[in-house]
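What follows is calculated from the coordinates using simple rules that are stated; it is not laboratory data. Keep in mind the model is a prediction, meaning the values are calculated, not measured. We place every Cβ from the backbone using ideal geometry, glycine too, and count neighbours over all the protein chains shown.
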Amino acid sequence: MATSQLFRLGKIKGENGLLVALKHNKRTLQNERGAGENINVTRTPLNYSLASDDTPEAIALHAKVQMLKAGIEKPRKDCVRAVEILFSLPIDRHAQDTRQFFKDCMNWTRQNFAGELLSFDVHLDEAAPHAHALILPLINGKMQGRDMVGDIGNLMRLINKFHADVAKHYGLSRNESKRLTQADKQTIENQVLTQLKSDPAMQSSVWACVRDAIHNDPLPYAQMLSIQRVATKRNKGKSFIDHKRSKGKGSFIQ
């Protein structure tokens, strides 16, 4: 049976929001604060970048310069400074070659999103192999991140397009979240938040956005934290997420 693809869109806001996101994606944030429990630091050297090996500071400065060139000196407080796309493979893919899949994800991003791709970083030091794409939504001299993300209809359109263009060719199905009951979603959300209590992400300036995303759809975060689904006792025909942490001890192949 095909396993589920994960594709998510996020908005990066705040004066330092992009820099914080870049530090996380480049893993310099963990170097400063100590790695989160879900990150296996011995595997961090296996991470790789497919777009821009520059430092977070250099990339953030480049984005600021591009905005200044467009005459944007003081963006609104609620301005979307960057759009972040998350691509994730299931945890049972940790022993497979990931590079071609994520190259296809990066090429798909460039073909389907306007603006400038600032970075594309692949993480192999967590339970599920995944990648973060950060896009500067500067289009025709204006910051258009809010329109790029759009509403739930736009998200579903992109999920369906990504599935047709990329994911199905790797034996991946659409996300399973829509098959969860409300009670299961609440259980998963609580377990994700419990596991993140000691994670630096909770101190991030973008935590409010992440918290809302977890509430709306906790399953991708549960999968990335290796919180496994097992059958419930109350109903053998359903399942819930059991809190079982893994640091991704399988052998990652680049």
### For segment 62-214, fraction of C-alpha pairs farther apart than 21 Å, in %
55
#### Entry: For segment 120-192, average projected area of the Cα convex hull in nm²
7.2
### Query
Stretched out fully, how many nm does the piece from residue 208 to residue 97 gain, at 0.36 nm a residue minus the Cα gap?
36.6 nm
### Message
7 Å from Cα along Cα→Cβ at both residue 66 and residue 112: what's the point-to-point distance in nm?
### Response
2.0
### Unsatisfied cross-links (Cα-Cα over 23 Å) in the set 13/74; 77/103; 77/142; 23/77; 13/168; 74/197
77/103; 13/168; 74/197
### Task
Once you have a ≥ b ≥ c as the square roots of the Cα gyration tensor eigenvalues for segment 117-161, tell me rounded if a/c is under 1.5, and otherwise prolate or oblate according to whether a/b is larger than b/c.
oblate
